[in-house]
Every structure is written in structure tokens, then in C-alpha cells.
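The values are calculated or read from the model by the stated rules, or taken from the named source; none is laboratory data. Quick caveat, the model's predicted, so the values are computed rather than measured. FYI the Cβ positions are ideal-geometry reconstructions off the backbone, even for glycines, and counts take in every protein chain you see. Heavy atoms of the whole protein, side chains included, go into the accessibility calculation; ligands, DNA and RNA do not. Shrake-Rupley method; radii C 1.70, N 1.55, O 1.52, S 1.80 Å.
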Amino acid sequence: MEIRGPSGVIAGVDGSVPGNEAAEWAAREAERRGESLHLVHAVNTGTVTLSPRTGTTVTDLILREAAELLESVRSGLEAAHPGLRITGDVVPRDAAEAVLTAAEHAGVAVLGTRGHGGFASLLLGSVSLRVAAHAACPVVVVRGTEHPDGPVLVAVHDERDASALRFGCETAARRGLAVRALHTWSPVVADVGRMAPMVDELGEESRLHEQLMLRTCDPVRDEFPAVDVQTQQLTGGTAATVVEESRTAALVVMSRHQPAPRFGLRLATPVHAVLHHAQCPVAVVPV
């Protein structure tokens, strides 16, 4: 099978139901972007190849079956999306590493919640978590129910999240949707005798958060005059609020603020929780 550097939209596939749903989502996204779709099917043959009793015969069989599975997925997508250029590779390595390598030159990477390798009770598999934590491009985890007429919901913590908001606006512009920039915060509570409150009144604190939203959102709003960018402040925890608001959204967009080490699953707690519990697809954007 052709080995190439992917571009446009990539999707990790493994023949599972979540993987097939992610591939279909990725195909629609590639069509909207006017770009190609590249499928990555990873198979880890390491333990088989190292066995002196099996040699290369079993490895060849595994790779052949993987190629047949990939071709089946690709053919189904081509039938559903005529005119979309779809390529694919079988990659004999760890699934997360295969997708991360492909994502180095992609516009967006798309994955399902989990594949065949995890326990059915898991809300989110380790491959999706690792890719979301380390990918160089935005990663969409397809989950829940996509509300095609709902807003693109962007969680905004501070001014660093302008990149995530920009991604949300680009997505909304392609679909003709509105963007809702959501900022959550908890009121300052003074511990009398040990520290003074940062602001004198709750209303003043609210105005400070409103100014933060204006500084973050107004420049991006100017870049997308055709997109209806709404802003909203809510008090409470970020994760719980975003999960609740995701019930009517087309897509949730979250920022990944800190670069994570190559190993480990270091995502901020709100991002981690939203990936597990959101009611619609979630995009994680490195900023």
C-alpha cells in the first residue's frame, strides 16, 4: 500500500463502530474543507514478528487482513462521498504513534472514542487520549450526538485561547453555524484575616471577566465578520458547565495549553473530563 505523508484531514480507523463513525465524520469534514482524507490503520505486529516459531508468515497474514479492512472502510466512504480523494496506509506500529506521526503535517486528526483494543466499559480509549494530549494539530474525538444546527461551543479561559476560538470560527464558517464563546469562573472568596478579596464586589469581578472576553474575542470576531460570535459568562466549574452545554452543540472546542511530554496523558482536568463526558464531538486545539 502506498506510503505517503498525509495532508488535509486524517482519521484513525480499526473497523470498530466508533472508528467507523470517526471516519464518516472526517469524510464530511474533508468535503467541507475541500481537502483530501487520509486513513491510518495501525497494527502492532511486534510480538508476532519476534517469535522464532511464526516467522514472517503470520505477520504477512495480519498485514493482509489489515489492508483488506482498510480497503473496505475506504470503499464505503468513497461510495458515500463521491469526488472525495481518500488515501490510506496500514502502519505496523503502535496506534497512537502512527496517528501522531500522520498528524505532524495534517490540518486535523479525527478519532473515535475507543477501538477494539480497550474494554467496552471505557468512556475513552488510551489511543484517543494520547493523540489528544500530544498531536501537533487539532484533534477531534467523535462522540455523543452532533447537533448540526447547534452552535460551535468554544471554552475560553484566557487570552491564550484565541487560537481555539479561531478554529471554532473556521469550523462554523464552513457550516454556516454560530459560535458561542463560553467563559466560566468562580467568584473570589475572601478568607477574612488571611487574605483580602481581589475585588470589592461581585459585579466588579464580573466586569473584569467581561473585559477578558472582549480582549480575547473581539480580534477574532473581526477576522470572521460573517460568523455570529456570541459570548457568555457562567459561574461554576468548567468541565461540568461545558458538558451540560454540549447537549445542544454541534462541536465543543477546548484548548490544550501546555505541551505534554511524549509519554503520559497530561491533559488539563477540564479537557480530560470533557473528552470523557461531552454529549457531542470534541476538538482539542494545541495553543
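Quick notes on this structure:
- Using θ = phi - 60° in the Karplus curve 6.51 cos²θ - 1.76 cosθ + 1.60, the 3J(HN,Hα) couplings for the stretch 27-41 round to 5, 5, 5, 4, 4, 5, 7, x, 10, 8, 10, 10, 9, 10, 10 Hz; x is entered for Gly and Pro.
- Amide proton proximity set for Ala250, modelled H, under 5 Å, gap of 5+: His147, Gly150, Val152, Leu153
- HN-Hα J in Hz across the stretch 215-228 - Karplus 6.51, -1.76, 1.60, θ = phi - 60°, x for Gly and Pro: 5, 7, 8, 4, x, 6, 4, 5, 6, 10, x, 7, 9, 7
- Using 0.36 nm per residue and subtracting the Cα-Cα separation, the extra length available between Ser72 and Glu210 on full extension is 44.6 nm.
- Database remark: amide H of Ala181 closer than 5 angstrom to the amide H of Val154, Gln230, Thr231, Gln232 (H placed geometrically; neighbours at sequence offset of 5 or more, or on other chains; Pro and chain starts carry no H).
- Cβ-derived FRET efficiency at R0 25 Å, Thr87 paired with Arg64, nearest 0.05: 0.85
- The 1.4 Å probe gives accessible areas that order Thr238, Thr57, largest first, as Thr57, Thr238.
- For Ser255, distant residues with modelled amide H under 5 Å away: Val285
- For the stretch 79-95, 3J(HN,Hα) per residue [Karplus equation, 6.51 cos²θ - 1.76 cosθ + 1.60, θ = phi - 60°, Hz, x = Gly/Pro]: 5, 7, 10, x, x, 7, 7, 10, 10, x, 9, 8, 10, x, 7, 4, 4
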